[in-house]
């Protein structure tokens, strides 16, 4: 039996995670993180989500607290998110939230408050080999797997983390929630970035904070073929939503230059590359020299590649087959089998 | 055993209040607006209550408007005056949100406070003079309401209402003066404060009455538009059937608080002073809010308000609760998360220090054992947080 702090978002996964830990006889306390003070209707920190988490905790007979990590969220998630878009990158705020908030700030807070372990409702598993090395492995439910957004977890964090729903399917999670009569049993999965309001979307959020720059869209010969109102919102590899006529097969975004400002489109083959530069390289345990399977989007396909480390966290992944170019700022995660062995950020 | 040091959030109901409430609730039913004997009996309870509260506030019984608590009374004062008279509202920057929000909503002005937590009277003078000059050309610029709380709810620091009143009468002749006295009745004789103002808010649960009951004193002749209209209760200033049992209980609590005030202030300030002195002596990096160059501002007896270097209140409160010490920091938002204090920000405290605030508030039921428990729990908790997070 351990003292466990379970992060409860108000969703079904973390509700069931808490319930399972209670059932196993642990001493469980729930916490909901208040991260974003601004408006949001999709997120993990709205008042109604806190209500759901609190009611589930009451039903399970455990204490529930709310921690305000708003300042840290702005510093480590919101500000870099905005700065990244301003620089023509495509950030992954959920990964940064995991890196800095849930698996840094919250882990430290939990330790200070006397909790041995922190639990979350993520669909991933923590496995330990004969040598005692822990690794993050893909969740039982392949379609709901979240190991990609947890790739930054190192040994120290994995040792203090517990993921109770990682070895059951989402359907089973909902079944359990229904059996237990939890009010979150039928709550829809959250899909969107928690601080983006569905009315104005990303464009309004960014437009309120940075100047969005109009730009011409050029073809590979430099001829103007279209126009965008905000170069900052265009992503490498994007083909739709630019309002371009002509041959759709030549309308892939192959270059974005926010300083010019301009966007260049071209044929699909120009979106392909045989190497991708990386930063923030981190291995879960020891480095892996041979071929790994590389995933570069939340539910993207894994492709074979070899990671060549540089200095100060820089690295290059050489693809076995030409790979779609990856927008700078996206997470690039390395798997061997179904286990995460490391990860990095695309440059 | 639980050690409750959060009397400023809500004071445990006084036994006399609970008895009174039950007696009324168990008595015959009666809507005070009705015509039969039960109704008249209920109305008699209200008339008695009005008269007793008027005595405690040195006002007329007809000036008392019963409300569903302090926030309603504050909102009624600010919005009611602006709706009746137009013009601009001014409040101190450290008001409770129940005043601050309606003032900001109506684009009013906030007056700065000094580092010692008291309203900056020079700044108030300047705001009132500037508005008076501007209103010569444009009447809508005239100040119609000034609101300054009697006692700040976070720091316990007493505000100079008499001086504020002098400035308002001198520089904003047509303005109405409101004071949120929600934190005051347990500690200060309001017969000395209420006569300076036109409007005064109280909340029963801050002095041992039930939650959800309060009043607004509205001095005769004060312009005030009703916020709740309907059956015309409370002389058409606040429609809705009164909470008769709650009001009776509020009055019982107020009478006891008034009768025992002198003793309680003496007893509580001794406990509070011991608490603060011990924590300052044993916990490095302890700051008592509002103390500038060693000078303690006037503060009510029940509140100890401290800031600790390099810790976060919400973690501290968690550890204190583990040791059965119940306290609070700044106010909470709708989700229950702790918000950084606007009061400490207005006093010029750096945000990091304000994040490490702790309010230990005592009251009529506090004991030396409560103080001992707090002294024993705070030091180790602060040390642990500095070491581990």
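Summary of values
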read-out	value
For residue B:386: the one exception among (1) in a loop (DSSP other than H, G, I, E, B); (2) farther than 30 Å from residue B:257 by Cα; (3) within 14 Å of another protein chain (Cβ to nearest Cβ)	(1)
Unique residue being assigned to a loop (DSSP other than H, G, I, E, B) and closer than 30 Å to residue B:271 by Cβ when the list is B:9, B:98, B:17	B:9
Yes/no for residue B:298 being surrounded by fewer than 22 Cβ atoms within 10 Å (Cβ to Cβ) and more than 14 Å from chain A (Cβ to nearest Cβ)	yes
Any hit, the range B:206-226, residues being surrounded by 22 or more Cβ atoms within 10 Å (Cβ to Cβ) and out of contact with any helix residue (DSSP H, G or I) (no Cβ under 8 Å at 6 or more places or on another chain)	no
Enumeration of residues in the range B:287-317 that are free of Cβ contacts under 8 Å to residues at least 40 places away in the same chain and in contact with a helix residue (DSSP H, G or I) (Cβ under 9 Å, 6 or more places away or on another chain)	B:288, B:314
Any hit, the range B:353-374, residues being surrounded by fewer than 17 Cβ atoms within 10 Å (Cβ to Cβ), within 13 Å of chain A (Cβ to nearest Cβ), at pLDDT below 95 and in contact with a helix residue (DSSP H, G or I) (Cβ under 8 Å, 6 or more places away or on another chain)	no
Some residue of the range B:150-159 being in a helix (DSSP H, G or I), closer than 23 Å to residue B:217 by Cβ and touching a strand residue (DSSP E or B) at 6+ places or on another chain (Cβ under 9 Å)	no
Filter result (assigned to a loop (DSSP other than H, G, I, E, B) and more than 14 Å from the chain's Cα centre (by Cα)) within the range A:65-97	A:69, A:87, A:88, A:89
Some residue of the range A:98-111 being within 14 Å of chain B (Cβ to nearest Cβ), assigned to a loop (DSSP other than H, G, I, E, B) and buried (at least 21 other Cβ atoms within 10 Å of the Cβ)	no
Filter result for the condition that a residue is more than 11 Å from every other protein chain (Cβ to nearest Cβ) and without any contact (Cβ under 8 Å) to a residue 40 or more places away in the chain, over A:71, A:130	A:130
Number of the exception - residue A:116 against (1) within 14 Å of chain B (Cβ to nearest Cβ); (2) surrounded by fewer than 22 Cβ atoms within 10 Å (Cβ to Cβ); (3) in contact (Cβ under 8 Å) with a residue 40 or more places away in the chain; (4) in contact with a helix residue (DSSP H, G or I) (Cβ under 6 Å, 6 or more places away or on another chain)	(4)
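The values are calculated or read from the model by the stated rules, or taken from the named source; none is laboratory data. It should be emphasised that the depicted structure is a prediction, and the values quoted were computed from it without experimental measurement. Quick reminder, even Gly has a Cβ in these numbers, built from the backbone with ideal geometry, and neighbours come from all protein chains shown.
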